[in-house]
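The block underneath contains the structure these notes are about, expressed in structure tokens.
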Amino acid sequence: MPKYINDYKIVDRKQGGMAVVYKGVNSNGFTRAFKVVRPDKAANNPALCQKFLKGIQILQQLDHPNIVRALNAFTYTDDENGSMYTVLEMDWLDGTDLEQMVKNKYPNGMSLKDVRKIATYVSQAMSYAHSKKILHLDIKPSNLMLVNGYLKLIDFGIAKIIGENANIVEGGDTIATQTLTGESTFKGTLAYSSPEQFNGSTVTERSDIYSFGCTLNFLLTGTNDPSVRVKDPHFAAIIDKCRQHNPNDRYQSFDEVLKAIEKKETVQCVNCSKQIPADVKFCPHCGAKQEKKAPEPPKTKVCPECKQNVPAADRFCSNCGHDFNKPKPNPQPPKRKVWRCSNCGRTLTEEFNDNHNTYCCYCGQKTMKYE
């Protein structure tokens, strides 16, 4: 490991499949990431170094708050062994990737609220990248970093400029799909790569959309098990459309994905009956205030005397003449039974008699009766 790169003291390193990333800190406390092709991969492989240079050119075209920045590119001579490398200088991200976050904190999936924010940030970042004619081709949870609550899309390692036949540098897992020359035809991460990446067909913006759908599914369920379904019907529909096998059946752009994510519940306008957002106060089509109409009064009523239906507005029943405005008599409370002495006439309520006291407690005669 080198001791210094461009006056930055190297304090850590992370090794990927095709590149090494060094963490450097300068005397003012600023931190940088320096990415170089792994020496064991670069040796006697000028084509790989050219691909790395191409990757640097791609990253330098991207300037978006949700995409890691490429700050500089230069050649570097290792102060330990004298080897010369091409270095990509980037922001060092002190954060957590979403794959580890889900595995450690949310084994059953993240909340809808959090995933909606993440999905919006990724869609905006990829819409921007696609506007620059750049594909990512390795969107997955481990390439999404949360840094101080803000999302960064990292590792355009196998990114491709649309229209150019140049898969660039590193990717995720490489599976054993071999050509006659022994070269792998697949670059990407198996659980998140589109069918066209796997079978070597033409990749497009819709390839990134497929990977995005797989990523959403993992964030909401905590697993890549296809038998575990997303419970929320809105996001389940978005994921299903993203992951259609035929690219023509997917969303055709991340702008379409954004619209689907931000789609709000709609209701019918109380005046013009057109569908409008459920949370608006005035209809954008006709301007009518969206107030709930009072329920219509019943058209008929039942006569309490003859039990026939009559018009609700009538005062008298057309069948029996009952006056609906006549005050209803107050119901008389049920008569309370008591024990009464037939000799002195005094009474005793039943709760004070156990049905065995047959003698009057006032006159002493055996003349108590229950009435």
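Here the stretch 317-371 is the region considered, the condition is being among the aromatic types (Phe, Trp, Tyr) and outside any strand (DSSP E or B), and the residue that is modelled with the highest pLDDT is 324. For the stretch 234-258, filtered to residues that are at pLDDT below 95 and small (Gly, Ala, Ser), the residue that is surrounded by the most Cβ atoms within 10 Å (Cβ to Cβ) is 236.
Taking the stretch 280-313 as the search range and keeping residues that are under 27 Å from residue 260 (Cα atoms) and open to solvent by less than 70 Å² (accessible area, probe 1.4 Å), which one is modelled with the lowest pLDDT? My answer is 280.
Condition (residue is in a helix (DSSP H, G or I) and without any contact (Cβ under 8 Å) to a residue 24 or more places away in the chain) applied to the stretch 212-234: is it met by at least one residue? Yes, the stretch 212-234 has at least one match. I'm checking my understanding of the structure. Among residues of the stretch 66-89 that are modelled with pLDDT of 85 or more and of a type in the set (A, V, I, L, M, F, W, C), which one is nearest to residue 122 (Cα to Cα)? Only one residue tops the list, namely 67. Considering 170, 205, 164, the condition of being surrounded by fewer than 19 Cβ atoms within 10 Å (Cβ to Cβ) and at pLDDT below 95 is satisfied by 164 alone. Across the stretch 239-269, which residue is nearest to residue 280 (Cα to Cα) among those that are in contact (Cβ under 8 Å) with a residue 60 or more places away in the chain and assigned to a helix (DSSP H, G or I)? Here the answer is 262. Filtered by the rule that a residue be buried (at least 18 other Cβ atoms within 10 Å of the Cβ) and closer than 18 Å to residue 255 by Cα, the stretch 96-120 gives 115, 118, 119.
Only residues that are open to solvent by less than 80 Å² (accessible area, probe 1.4 Å), over 23 Å from residue 224 (Cα atoms) and modelled with pLDDT of 85 or more: list them for the stretch 259-279, please.
First pass over the stretch 259-279, keeping only residues open to solvent by less than 80 Å² (accessible area, probe 1.4 Å): 260-261, 266-267, 269-270, 272-273, 276-278.
Now restrict to residues that are over 23 Å from residue 224 (Cα atoms): 266-267, 269-270, 272-273, 276-278.
Matches in the stretch 259-279: 269, 270, 272, 273.
When residues of the stretch 83-103 are filtered for being within 18 Å of residue 148 (Cβ to Cβ) and either within 18 Å of the chain's Cα centre (by Cα) or not hydrophobic (A, V, I, L, M, F, W, C) (or both), how many remain?
Residues in the stretch 83-103 being within 18 Å of residue 148 (Cβ to Cβ) and either within 18 Å of the chain's Cα centre (by Cα) or not hydrophobic (A, V, I, L, M, F, W, C) (or both): 8 in total.
Here residue 125 meets the list (1) at pLDDT 85 or above; (2) open to solvent by 20 Å² or more (accessible area, probe 1.4 Å); (3) closer than 19 Å to residue 257 by Cβ almost entirely, failing just condition (2).
Taking the numbered list (1) of a type in the set (S, T, N, Q); (2) more than 17 Å from residue 130 (Cβ to Cβ); (3) open to solvent by 40 Å² or more (accessible area, probe 1.4 Å); (4) modelled with pLDDT of 50 or more in turn, residue 189 passes all entries but (3).
Quick check on residue 216: is it open to solvent by 10 Å² or more (accessible area, probe 1.4 Å) and either at pLDDT 90 or above or touching a strand residue (DSSP E or B) at 6+ places or on another chain (Cβ under 9 Å) (or both)?
Values: open to solvent by 10 Å² or more (accessible area, probe 1.4 Å): no; either at pLDDT 90 or above or touching a strand residue (DSSP E or B) at 6+ places or on another chain (Cβ under 9 Å) (or both): yes.
Against the criterion (open to solvent by 10 Å² or more (accessible area, probe 1.4 Å) and either at pLDDT 90 or above or touching a strand residue (DSSP E or B) at 6+ places or on another chain (Cβ under 9 Å) (or both)), residue 216 does not qualify.
Restricting attention to the stretch 219-233, report how many residues are of a type outside the set (D, E, K, R) and open to solvent by less than 60 Å² (accessible area, probe 1.4 Å).
The first filter runs over the stretch 219-233 and keeps only residues of a type outside the set (D, E, K, R), leaving 219-224, 226-228, 230, 233.
Remaining after also requiring open to solvent by less than 60 Å² (accessible area, probe 1.4 Å): 219-223, 228, 230.
So the answer is 7.
Give the residue that is farthest from the chain's Cα centre (by Cα), with candidates limited to residues of the stretch 297-316 that are part of a strand (DSSP E or B) and among the hydrophobic types (A, V, I, L, M, F, W, C). The qualifying residue farthest from the chain's Cα centre (by Cα) is 316. Taking first residues from the stretch 126-142 that are under 16 Å from residue 57 (Cα atoms) and partners that are modelled with pLDDT of 90 or more, the Cβ contacts under 6 Å between residues at least 6 apart in sequence or on separate chains come to 130/205; 135/208; 136/208.
The values are calculated or read from the model by the stated rules, or taken from the named source; none is laboratory data. Please read these numbers as outputs of a predicted model, since none were measured by experiment. Every residue, glycine as well, gets a Cβ built from its backbone with ideal geometry; the counts of neighbours run over all protein chains shown. Accessible surface is based on the protein model in full, side chains and every heavy atom, while ligands, DNA and RNA are left aside. Shrake-Rupley method; radii C 1.70, N 1.55, O 1.52, S 1.80 Å.
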